[in-house]
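Here the structure comes first, spelled out in structure tokens, and everything after it is commentary.
The values are calculated or read from the model by the stated rules, or taken from the named source; none is laboratory data. As the structure is a prediction and not an experimental result, all values here were calculated from the model. All Cβ positions, even for glycine, are placed from backbone atoms using ideal geometry, and neighbour counts span all protein chains on display. To get the accessible areas, we keep the full protein, side chains included, count just its heavy atoms, and leave off ligands, DNA and RNA. Shrake-Rupley method; radii C 1.70, N 1.55, O 1.52, S 1.80 Å.
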Amino acid sequence: MKEFLQLLKKGNKSALLAAIVNAVIAIIKGIGFSMTGSVALFAEMMHSAADTANQLFVFSGSALSKKAPTDRFPNGFGRLVNLVLLGAVLIVGIMAFETIVEGIHHIVHPTHSSGLAITLTILGASVVLEAFVLYKAMKEISHELGITTSGFGVVTEAISNLGKAKPATKLVFLEDTVATLGGLLAMIAVIIAYFTPFHQAEGVASVIIGILMFLVVGKVFLDNAAGVIGESDEEMEDKIGEIIMEDPDVKDIQALTVVKEGEDLHVEIEIELDPNLTIAQADDIKDRLEEKIMKEKGVTDVIIELDEDDGVQNWTDDNKTELIEK
């Protein structure tokens, strides 16, 4: 239990904050739905409930993935966060389906909901809270990548670097982007349904919100399926390759792979050295390179294999990541 609590302290903070905020929002929306019967509020309640459960999974998975390697699992538990996220998206998928079904039912059998002021107040407050969590997730992306920015720059940097964000932070960003947009859409639908004869507006909004949730499910599923299988990081491969080739004692790189282990990077390299070097000299070169590579952000494990120079250049500036297989 003590180890588990220690691991929870290492969990993704954005996911925990998002889970807490969304739980509060879901309860408020549920109360509002019971008072007004608004289908838009129902859709948003389901969305917030799904986000709460999902982000709790994300927080737990990101924490447990920090567990140290064991004899049974020598490569560690880094990919656990990807596996947990694959399970978590099932919850969002079920909630999205229920949201769409309810929306279609309201389109076919429209009803006039009451309590405009209550509905808009709840939706407006939820949009503000979701936007707050979204901004925190954006700042977390910049922090993870070591980018110093402020103001609107946080937004632009987060969007442009989303692909490099940690899986958990990326999920929070995507979910809260949809939640914020969904809240605004629901507010517009409520106003249209209240002041015009088009009472189906809330049902249409519910269907659109459900579809947006499915889009998040698809994106998160594809990203984390690749993570579970073992996805390479080509950008980091190029960067580490340059670091290695800058060393005057390295003649060539035979093989280089950087595999994403959840939020961490596992590096395996095979380099060529002068065959006339002593074992002690080769070992010093290996230690020197390991120290340099371990300083790169996200790298937690480096394995370097040594071989004699064969006179054939595999690593070139024009084709850095396509090495000749030995």
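Screening region 232-244 for residues that are in contact with a helix residue (DSSP H, G or I) (Cβ under 9 Å, 6 or more places away or on another chain) and surrounded by fewer than 17 Cβ atoms within 10 Å (Cβ to Cβ) and picking the one that is farthest from Val58 (Cα to Cα) gives Ile243.
Given the criterion in a strand (DSSP E or B) and surrounded by 14 or more Cβ atoms within 10 Å (Cβ to Cβ), identify the matching residue among Asp247, Asp223, Asp252.
Asp252
Of the listed requirements (1) at pLDDT 90 or above; (2) in a strand (DSSP E or B); (3) of a type outside the set (Gly, Ala, Ser); (4) open to solvent by 50 Å² or more (accessible area, probe 1.4 Å), Arg288 misses just one: (2). For region 255-266, taking the residues that are of a type outside the set (Val, Ile, Thr) and over 19 Å from Leu85 (Cα atoms), the one that is surrounded by the most Cβ atoms within 10 Å (Cβ to Cβ) is identified as Leu256. Has region 179-193 got any residue that is touching a residue at least 24 places away in the same chain (Cβ under 8 Å), open to solvent by less than 30 Å² (accessible area, probe 1.4 Å) and over 15 Å from Leu41 (Cβ atoms)? Yes: region 179-193 contains one or more residues that are touching a residue at least 24 places away in the same chain (Cβ under 8 Å), open to solvent by less than 30 Å² (accessible area, probe 1.4 Å) and over 15 Å from Leu41 (Cβ atoms).
Every condition in (1) touching a residue at least 40 places away in the same chain (Cβ under 8 Å); (2) assigned to a helix (DSSP H, G or I) holds for Leu5 except the one numbered (1).
Determine whether Glu246 is closer than 21 Å to Glu296 by Cα, among the charged types (D, E, K, R) and without any contact (Cβ under 8 Å) to a residue 12 or more places away in the chain. Yes, satisfied. The sole residue among Thr70, Thr52 that is outside any helix (DSSP H, G or I), modelled with pLDDT of 80 or more and not acidic (Asp, Glu) is Thr70. The residues of region 96-115 that are open to solvent by less than 50 Å² (accessible area, probe 1.4 Å), farther than 13 Å from Gly203 by Cα and at pLDDT below 80 amount to a single one, Gly115. Reported count of residues in region 195-215, each being open to solvent by 10 Å² or more (accessible area, probe 1.4 Å), modelled with pLDDT under 85 and either in a helix (DSSP H, G or I) or among the hydroxyl-bearing types (Ser, Thr, Tyr) (or both), is 0. Would you tally the residues in region 34-45 being open to solvent by 30 Å² or more (accessible area, probe 1.4 Å), in contact (Cβ under 8 Å) with a residue 40 or more places away in the chain and of a type in the set (A, V, I, L, M, F, W, C)? Of the residues in that region, 2 qualify. Checking Val24, Val58, Val81, Val89 one by one, the residue that is in contact with a helix residue (DSSP H, G or I) (Cβ under 8 Å, 6 or more places away or on another chain), surrounded by fewer than 18 Cβ atoms within 10 Å (Cβ to Cβ) and assigned to a helix (DSSP H, G or I) is Val24 and no other.
Could you identify the single residue in Thr169, Thr111 that is β-branched (Val, Ile, Thr), part of a loop (DSSP other than H, G, I, E, B) and more than 18 Å from Val24 (Cα to Cα)?
Numbers: Thr169 fails: part of a loop (DSSP other than H, G, I, E, B).
Matching residue, one of Thr169, Thr111: Thr111.
For beta carbons closer than 7 Å, sequence separation of 6+ or different chains, a first residue in region 56-84 that is within 17 Å of Ile229 (Cβ to Cβ) and a second that is of a type in the set (D, E, K, R) and not in a loop (DSSP other than H, G, I, E, B), the qualifying pairs are Asn75/Glu261; Gly76/Glu261; Gly78/Glu261; Gly78/Asp264; Arg79/Glu261. Does Ala125 meet the test of being over 27 Å from Val228 (Cβ atoms), open to solvent by less than 60 Å² (accessible area, probe 1.4 Å) and not in a loop (DSSP other than H, G, I, E, B)? Answer is yes for this residue. Residue pairs, Cβ under 9 Å, 6 or more apart or interchain, first in region 138-155 and touching a residue at least 12 places away in the same chain (Cβ under 8 Å) and open to solvent by 40 Å² or more (accessible area, probe 1.4 Å), second in a loop (DSSP other than H, G, I, E, B) and among the hydroxyl-bearing types (Ser, Thr, Tyr). List them. Taking only residues 6 or more apart or on different chains, the pairs are Lys139/Thr149.
Does region 27-49 hold any residues that are part of a helix (DSSP H, G or I) and small (Gly, Ala, Ser), and which are they? Gly30, Gly32, Ser34, Ala40, Ala43, Ser48, Ala49 - these are the residues of region 27-49 that are part of a helix (DSSP H, G or I) and small (Gly, Ala, Ser).
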